[in-house]
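The block underneath contains the structure these notes are about, expressed in structure tokens.
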Amino acid sequence: MPRIPVATALPDFPWDSLESAKAKAFAHPGGIVNLSVGTPVDAVAPIIQDALTSVAAVPGYPTTHGTEELRNAAVEALRRRYGISGIDPAAVLPAIGTKELIAWLPRLLGLGADDLVVIPELAYPTYEVGALLAGARVIRADGLNRLGPEGASLIFVNSPSNPTGKVLGLEHLRKVVDWARRRGAIVASDECYLGLTWEGEALSILDERVNDGDLTGLLAVHSLSKTSNLASYRAGFVTGDPALVAELLEVRKHAGMMVPLPIQSAMTAALSDDDHENEQRERYRRRREILLAAVRGAGFTVDNSEAGLYLWATRGEACRDTVEWFAERGILVAPGEFYGPGGGTHVRIALTASDERIAAAAERLV
């Protein structure tokens, strides 16, 4: 039989479709303001850079499980920053960026054609990609009642949300955990934006108020790309149910999924220091205030967006028309349809640009 490339089962890479709008934005006399991708632009803190280079001469293989120092630092950071207690350092597993972890999680958990993966109705595209790589079925559902009598093997939760910035409340999260436990499903909570909440309170799936102190069947995914500016380092981790983390560890050891030792050292420094994270959060807060006022002043409605690195904006037209409107002003944004059929009249506007570029975008919108 002829070989079937894996890529044929996957959707087209969405950002490839923005080349025309990108070219139009580049042609603006003041240059492009690229707000389409949430990539950090601010420098990595010196304390993290120093930690990276401190082990640059070490020649041996790193451990898949990560150093003891890294795992302890992750546990302490979760306690200090989010009030999460009861995490066993042995149940912390570093990942080569959280996108990698999310993409391979269904396969690492042994899911296949007989399994159903639930993802949010508006979702980071990699949740669907991960299910497709495992050959599993996918359904978009924000309310689990939509599933009817059908069970699920894995439920992805994302709060604060990418792209909408929506924060799920305590009762919603409790219902997800209860539903999953009654049906033997695993809940994977993508919490990469937990440290960037602007309004209200965002809770981890590992918060005792959500799970009553029982981590069974629960995984939380955390990234250092956002408030520590470590996107180029590919630094994240997963924690939660010790049995599930141990299962992931065994598979990842066989597959050679090891975070390089210098990155582990940098992660340890980033997780041990809150000052740089607080400084970066305030940078984003200021940029958000400027951009939010300008987008609203240009006649857009901004929905949700109470947390995270994006504004979820609409003026009731097809999202591709809105992308073109922004591109004419030298601003590149992402069409909401990238994140699901329900995003067809919204665009996602990132806060991840320099102060100068954010100010330029605001001036053009006004």
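Here are some notes:
- Net lengthening on full extension, Asp16/Ala359 (0.36 nm per residue, minus Cα-Cα): 120.8 nm
- Residues considered: Trp179, Trp15, Trp104. Largest GNM mean-square fluctuation over the chain, using C-alpha springs under 10 Å, is found at Trp15.
- When peptides 335-341, 2-8 are ranked by their average number of other Cβ atoms within 10 Å per residue, the highest-first order is 335-341, 2-8.
- Shown for the chain: the carbon plus sulfur share of the solvent-accessible area, taken with all protein chains present and a 1.4 angstrom probe, equals 53%.
- Note on the chain: GNM, Cα springs under 10 Å; of Gly308, Gly240, Gly297, the largest mean-square fluctuation is that of Gly297.
- Label-to-label distance for Ile290 and Arg3 is 5.0 nm, based on points extended 7 Å past Cα in the beta-carbon direction.
- Cβ-Cβ distance of Val58 and Ala90, R₀ of 22 Å, FRET efficiency by 1/(1 + (r/R0)^6): the value works out to about 0.45.
- Taken along the Cα-to-beta-carbon direction at a fixed 7 Å, the label points for Asp212 and Asp42 span 4.1 nm.
- Per residue, the chain reaches -12000 deg cm²/dmol at 222 nm when only DSSP H runs of four or more residues are counted, each adding -39500 (n - 2.57).
- Once the Cβ-Cβ distance of Ala298 and Glu68 is raised to the sixth power relative to R0 = 45 Å, the FRET efficiency obtained is 0.30.
- Measuring between their Cα centroids, the stretch 92-171 and the stretch 337-366 lie 25 Å from each other.
- Magnitude of the charge dipole for the chain, about its Cα centre and with charges confined to Cβ atoms of Lys, Arg (+1) and Asp, Glu (-1), is about 580 debye.
- Lys, Arg +1 and Asp, Glu -1 on Cβ, resulting dipole of the stretch 2-52 about Cα centre, debye, nearest 20: 200 debye
- Förster radius 30 Å - calculated FRET efficiency between Glu121 and Glu328, Cβ distance, rounded to 0.05: 0.50
- Principal axis dimensions, largest first and in whole angstrom, of the stretch 1-132 by Cα: 51, 47, 37
- Relative contact order of the chain, taken over Cα pairs closer than 8 Å and 6 or more residues apart, is 26 percent.
- Largest mean-square fluctuation among Thr63, Thr239, Thr197, in a Gaussian network model of the chain whose springs join Cα atoms under 10 Å apart, belongs to Thr63.
- Cα convex hull, the stretch 108-260: 119 Å³ per residue, rounded to a whole number.
- Restricting the calculation to alpha carbons of the stretch 122-173 gives Rg and Dmax of 11.9, 32 angstrom.
- The stretch 174-193 residues near the modelled Asn145 label - backbone nitrogen below 18 Å, point 7 Å along Cα→Cβ: 174-180
- Relative contact order of the stretch 1-151, pairs being alpha-carbon contacts under 8 Å that are 6 or more residues apart, as %: 18 percent
- Rolling a 1.4 Å probe across the protein heavy atoms gives the chain an accessible surface of 42 Å² per residue.
- Residue-by-residue Karplus 3J(HN,Hα) for the stretch 75-91, coefficients 6.51, -1.76, 1.60, Hz, glycine and proline x: 4, 5, 5, 4, 5, 5, 7, 10, x, 8, 10, x, 8, 7, x, 5, 9
- Under 29 Å, Cα to Cα: Lys pairs in the chain, sequence gap 8 or more or different chains: 12
- Unit Cα scatterers, Debye sum, the stretch 19-84: log10 I(q)/I(0) for q = 0.19, 0.24 Å⁻¹: -0.92, -1.17
- Placing a label point 7 Å from the Cα of Ala27 along the Cα-to-Cβ line, no residue of the stretch 334-366 has its backbone N under 11 Å from it.
- Counting only the Cα atoms, the chain fills a convex hull of 153 Å³ per residue.
- Average Cα contact separation per residue, the stretch 21-106, under 8 Å, 6 or more apart, as relative contact order %: 19 percent
The values are calculated or read from the model by the stated rules, or taken from the named source; none is laboratory data. Bear in mind the structure is a predicted one, so any value in this text is a computation, not a measurement. With ideal geometry, Cβ positions are generated from the backbone for all residues, glycine too; neighbour counts draw on all protein chains shown. Quick note on the areas: whole protein, heavy atoms, side chains included, nothing else; ligands and nucleic acids left out. Shrake-Rupley method; radii C 1.70, N 1.55, O 1.52, S 1.80 Å.
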